[in-house]
1. If Ser73 passes every condition in (1) surrounded by fewer than 17 Cβ atoms within 10 Å (Cβ to Cβ); (2) at pLDDT below 95 but one, which one does it miss?
2. Condition check: buried (at least 21 other Cβ atoms within 10 Å of the Cβ) and of a type outside the set (Phe, Trp, Tyr). Does Leu100 satisfy that?
3. Give the residues of the stretch 127-144 that are farther than 22 Å from Gln225 by Cβ and touching a residue at least 40 places away in the same chain (Cβ under 8 Å), sorted by residue number.
4. Which pairs do you get when a residue that is on the phi < 0 side of the Ramachandran plot and of a type in the set (Asp, Glu), found in the stretch 150-177, comes within reach of a residue that is crowded, with 17+ Cβ neighbours inside 10 Å and not in a helix (DSSP H, G or I), reach meaning Cβ atoms under 9 angstrom, with the pair 6+ apart or on two chains?
5. Are any residues in the stretch 36-60 out of contact with any Lys or Arg (no Cβ under 6 Å at 6 or more places or on another chain) and surrounded by fewer than 20 Cβ atoms within 10 Å (Cβ to Cβ), and if so, which ones?
6. Please tell me if Asn178 is out of contact with any helix residue (DSSP H, G or I) (no Cβ under 8 Å at 6 or more places or on another chain) and at pLDDT 95 or above.
7. Condition first: in contact with a Pro (Cβ under 7 Å, 6 or more places away or on another chain) and assigned to a loop (DSSP other than H, G, I, E, B). Can you find one or more residues in the stretch 179-193 that meet it?
8. If you go through the stretch 51-70 one residue at a time, do you hit one that is closer than 18 Å to Ala125 by Cβ, hydrophobic (A, V, I, L, M, F, W, C) and within 19 Å of the chain's Cα centre (by Cα)?
Amino acid sequence: MSTMTVAEDFVDVGGRRVWVASAGQGPPLVYLHGAGDLDGWGPALSLLAADFTVYRPDHPGFNRSDDDPSVDSVLDLAFAYLDLLDAMGLERVHLVGHSLGGWTAAQLAVLASGRVTRLVLANPAGLRPAGPAPDIFTLNPVESAALVNHQADVRADAVAAAEQIAGDTELFQRFLRNRMATAHLAWNPYLHDPKLAGRLHRVTAPVLIIWGAHDRLLLAETARQWQEALPGARLEIIDDAGHRPPVEQPAAFAALVKEFGS
């Protein structure tokens, strides 16, 4: 298998830099990452790049993107992404979001559903979690890695990587910055917007909800709440995955997104 060539560049959005990785060819697909994502690219995106031109930006205030003081909520973040789409000349896109990125993608589709060809939400935050949700803001990197990964080998690799964060100044600063940005967006109310469910009826794009069966952060029962708010949505549960199906089951995840988007 040939190595995927991933372009990396900053996009100027109103004088602030947003870091964007991109690869592939075909219809544009924008992937919005989860809060704990310190990395730029993964196997699922490489698989999707066989059928789409995949863009993976860092959220403002996360990883390599500049801070944006105007972003105080996920609603603000969705507006910031509309500005990014404008800056990149992307009129209509397949929009895929995971966790915090799923919440943001859903909010963007509420605001501007005409910009979204297909909407894919993977273990999205945004609606009140079903059952008790662990407090992610009290967890260290190792505890976070253990929580969000289900498969033993993936969890072991993630824990081993997390153990190195404290000793890597740049990575540790990135971890703390991402956590602060996430807390700013999603601490109170915790991981949801009480108004979002009542606004999801504005989404006109076809919707696919993907959930890892063994998610211990946002229980799989939460997917039913998304289905109730988006009655036309299709739900796919991925076995042997926790909170991060794109990482734990990249082939299954990519296959679902491709089939839905064709």
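1. Looking at each condition in turn, Ser73 falls short on (2).
2. Yes; evaluated as a whole, the condition is true for this residue.
3. Narrowing the stretch 127-144 to residues farther than 22 Å from Gln225 by Cβ: 137-144.
Residues satisfying the conditions are Phe137, Ser144.
4. These pairs meet every condition: Asp157/Asn149.
5. Asp39, Gly40, Trp41, Gly42, Pro43, Ser46, Ala50, Thr53 - these are the residues of the stretch 36-60 that are out of contact with any Lys or Arg (no Cβ under 6 Å at 6 or more places or on another chain) and surrounded by fewer than 20 Cβ atoms within 10 Å (Cβ to Cβ).
6. On the way: out of contact with any helix residue (DSSP H, G or I) (no Cβ under 8 Å at 6 or more places or on another chain): yes; at pLDDT 95 or above: yes.
Against the criterion (out of contact with any helix residue (DSSP H, G or I) (no Cβ under 8 Å at 6 or more places or on another chain) and at pLDDT 95 or above), Asn178 qualifies.
7. The answer is yes, given that some residue of the stretch 179-193 is in contact with a Pro (Cβ under 7 Å, 6 or more places away or on another chain) and assigned to a loop (DSSP other than H, G, I, E, B).
8. yes
The values are calculated or read from the model by the stated rules, or taken from the named source; none is laboratory data. What you see is a predicted model; the values in this text were computed from it and never measured. In this analysis, Cβ positions are derived from the backbone assuming ideal geometry, glycine residues included, and neighbour counts consider all displayed protein chains.
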